[in-house]
Amino acid sequence: MAVLVFMVIGMLVLIGVGVKMYDLKRKREAEGVALQARVSDALMREPNLFTLAVTPTAHVPWWSGTPVRLEVTGRVPTPEARDQIVRLVEREAQQIRPDVTLVDRLHVDAALSSAA
């Protein structure tokens, strides 16, 4: 009988841990989506950056003490546009979370400036 009670208690503990882990994952994903949305909105508000295909992608770790990694990918016409995007993304990300690490994957493509 005691073994059965311990098994039931063990199963309840496992279920509780699973629910907590799922909740933590859901909260972290929501933080990442909010960060991506804020940065995307900031990029859309800038008139000279509006037409560029730049995508921010947030990678939020499970543990709360670990910094968020924000990857910015896309093609830009000039190095000046690249610098402007990086500054804008850093400024917006720092307003949400001070521990954001920016990963710059922007590529300067001169063909974009001639097409514009």
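We did not get these values from a lab; they are worked out from the coordinates using the rules stated. These numbers come from a predicted model, not from an experiment. When we count neighbours, we look across all protein chains shown, and the Cβ atoms used for this are built from the backbone with ideal geometry, even at glycine.
Across the chain, C-alpha contacts under 8 Å between residues 6 or more apart give a mean separation that, scaled by the residue count, equals a relative contact order of 24 percent.
Each Lys and Arg contributes +1 and each Asp and Glu -1, all at the Cβ; summed about the Cα centre of the range 71-116, the dipole is approximately 60 debye.
Model label points for E46 and D23, set 7 angstrom from Cα along the Cα-to-Cβ axis, are 3.9 nm apart. Globularity index of the range 46-116 is 1.21 (Cα radius of gyration / 2.2 N^0.38 Å, N = number of residues).
Residues in the range 47-62 carry Karplus couplings, in order, of x, 7, 10, 4, 7, 7, 8, 10, 10, x, 10, 9, 10, 9, x, 5 Hz; the curve used is 6.51 cos²θ - 1.76 cosθ + 1.60 with θ = phi - 60°, and Gly or Pro positions show x.
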